[in-house]
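What follows is one structure encoded as structure tokens, with my remarks underneath.
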Amino acid sequence: EMIKFRFYDLEERAENLIEKGADQNLVADFSIFILQKKEEFNKAKNNDEKKKIILEVREEWKKFVQTVKPMLKN
């Protein structure tokens with residue numbers, strides 16, 4: 001349950017960045033990605049599959065942050 005909460009938290013954090021200047025389309029794409037990964041996580045049959053999904057989400061978050069960082073107002 002904690003992992004799913006973390007996915008939800010990343011989605012919320014991304015959406016909050018819109019107010020700071022992040023592109024809405026990039027945020028929407030990230031939110032869709034997270035929704036898909038939550039579904040995959042729920043269907044995962046073992047810990048290896050779950051770990052793979054967690055690593056994919058982590059990597060996508062890093063890419064997302066690097067992309068939107070220049071757009072953000074302080």
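The values are calculated or read from the model by the stated rules, or taken from the named source; none is laboratory data. Values in this document were obtained by computation on a predicted structure and should not be read as measured data. Positions of Cβ are backbone-derived with ideal geometry, glycine not excepted, and every protein chain shown enters the neighbour counts. Quick note on the areas: whole protein, heavy atoms, side chains included, nothing else; ligands and nucleic acids left out. Shrake-Rupley method; radii C 1.70, N 1.55, O 1.52, S 1.80 Å.
Structural remarks
- Residue count for the stretch 47-58, restricted to those that are within 13 Å of the chain's Cα centre (by Cα), open to solvent by less than 90 Å² (accessible area, probe 1.4 Å) and not aliphatic (A, V, I, L, M): 1
- The number of residues in the stretch 26-46 being open to solvent by less than 90 Å² (accessible area, probe 1.4 Å), over 11 Å from LYS4 (Cβ atoms) and among the basic types (Lys, Arg) comes to 0.
- Single residue of the stretch 1-25 satisfying the filter (open to solvent by less than 50 Å² (accessible area, probe 1.4 Å) and touching a Ser or Thr at 6+ places or on another chain (Cβ under 8 Å)) that is farthest from LYS63 (Cα to Cα): GLU11
- The set of residues from the stretch 43-64 being farther than 16 Å from PHE30 by Cα and in contact (Cβ under 8 Å) with a residue 24 or more places away in the chain comprises just one member, LYS50.
- Residues located in the stretch 47-63, provided they are under 13 Å from PHE7 (Cβ atoms) and not aliphatic (A, V, I, L, M): LYS50, GLU56, ARG58, GLU60, TRP61
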